[in-house]
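The values are calculated or read from the model by the stated rules, or taken from the named source; none is laboratory data. Remember, predicted model here, so these are calculated numbers, not experimental data. Virtual Cβ from ideal backbone geometry, glycine too; neighbours counted across all protein chains shown.
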Amino acid sequence: MSLHPTEFDADFVSRLRAGDEAAFRRLVGELHGPLSRLARSFSRNDSVIEEAVQETWLAVIRGIHSYEGRAPLRSWVFAILVNHTRKLAVKAQKQFRLEQGRYGEDSPGRDEDGDDPLGGRFEADGHWRDLPAPWDLADPEATFLTAEAKAVVEQAIDAMPESQRRVVLLRDVEGMGSEEVCNILGITGTNERVLLHRGRVRVRQALDTYLRGGATAQPAPRRERSPE
Amino acid sequence: MNCEHVAHAASDYIDRKLGLRGRFGVWMHLLACSACKAYVEQVRLAKLALRAVRGTAEPAEPANMDALMASFRAESKKRPSDS
């Protein structure tokens with residue numbers, strides 16, 4: 001698995017428009033997983049996620065001819081997903097409340113998560129309470145490519161508040177630029193930076209615990225989220 | 001600039017999103033503080049570790065790939081002149 005995301009160039013877009021099936025298959029192959037993963041930050045309902053990703057692909061098929069190339073192809077596809085998933089998640093939520101006859105206090109689409117992963121780590125004068133110590137990794141890249149380390153990182157991602165997880169997935173996992181990510185998610189640059197940093201702090205913490213032998217991660221259970 | 005400031009600015013420092021003054025402040029602090037130096041390096045490594053989970057743990061293709069390909073084919077036929 002390469003650490004660098006593929007860019008789809010203008011030539012690739014022309015192939016899609018010309019009906020090149022191999023190109024479309026490659027696009028789906030590359031983006032289907034990341035799209036499902038992002039959709040999961042908007043809803044826990046598996047059928048909502050599936051429907052959102054499905055609709056995204058149909059919208060891509062229909063819309064590729066009017067795609068103007070203002071945003072990179074990947075961003076364009078992700079933005080379609082975010083629109084569809086938001087709509088579907090709100091609809092499913094309403095449906096759920098009607099059925100249950102209750103009105104929840106959750107607020108979908110909230111961008112400030114109130115998370116404070118650095119809280120409690122400092123004295124009043126701004127010094128560390130417990131000093132961070134180096135990890136001494138001979139080859140960090142190789143370490144992070146092991147299944148065990150990946151499981152640690154994925155568990156940390158899953159544990160993040162949703163708004164944070166979205167930013168982390170698009171910025172650091174998918175490798176998009178901040179402007180792209182702000183456009184896709186409709187958040188400000190300041191907000192995006194704060195959420196990204198909190199997410200990284202959580203991942204650093206999880207890795208710290210793991211690398212010091214504090215916790216062995218279970219190789220990730222295949223995420224079969226049952227509807228609650 | 002103290003350790004707490006540096007810890008909060010770590011991502012902006014790594015991503016080069018700090019202004020000249022902020023960047024210099026962090027840099028000066030890191031020269032003198034090995035704990036923060038370790039911390040900032042670990043945030044950088046966390047970013048690297050996140051990149052490593054790209055494309056994992058997810059099915060590469062939807063279950064109904066065939067149906068999707070059929071839609072793609074049908075749409076392409078509707079626009080034979082497009083290239």
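Residue pairs whose Cβ atoms lie under 7 Å apart, separated by 6 or more positions or on different chains, with the first residue in region A:12-25 and under 10 Å from A:Ile64 (Cβ atoms) and the second aromatic (Phe, Trp, Tyr) and not in a helix (DSSP H, G or I), are A:Val13/A:Tyr67. When region A:46-71 is filtered for residues that are more than 22 Å from B:Ser76 (Cα to Cα) and in a loop (DSSP other than H, G, I, E, B), the ones remaining, listed by number, are A:Arg70, A:Ala71. Condition first: modelled with pLDDT under 90 and at the interface with chain B (Cβ under 10 Å from one of its Cβ atoms). Now tell me which residues in region A:32-52 satisfy that. Result: A:Glu50, single match.
Inside region B:11-60, residues that are small (Gly, Ala, Ser), facing chain A (nearest Cβ under 7 Å) and touching a helix residue (DSSP H, G or I) at 6+ places or on another chain (Cβ under 9 Å) make up a count of 8.
Scanning region A:165-178 turns up no residue that is more than 9 Å from every other protein chain (Cβ to nearest Cβ), within 11 Å of the chain's Cα centre (by Cα), modelled with pLDDT under 95 and within 17 Å of A:Arg40 (Cβ to Cβ).
If the condition is being more than 8 Å from chain B (Cβ to nearest Cβ) and assigned to a helix (DSSP H, G or I), then region A:14-29 contributes A:Arg15, A:Leu16, A:Ala22, A:Ala23, A:Arg26, A:Leu27. Taking region A:126-159 as the range and being at the interface with chain B (Cβ under 7 Å from one of its Cβ atoms) and assigned to a loop (DSSP other than H, G, I, E, B) as the test, the residues that pass are A:Gly126, A:His127, A:Leu131, A:Pro132, A:Ala133, A:Pro134, A:Trp135, A:Leu145.
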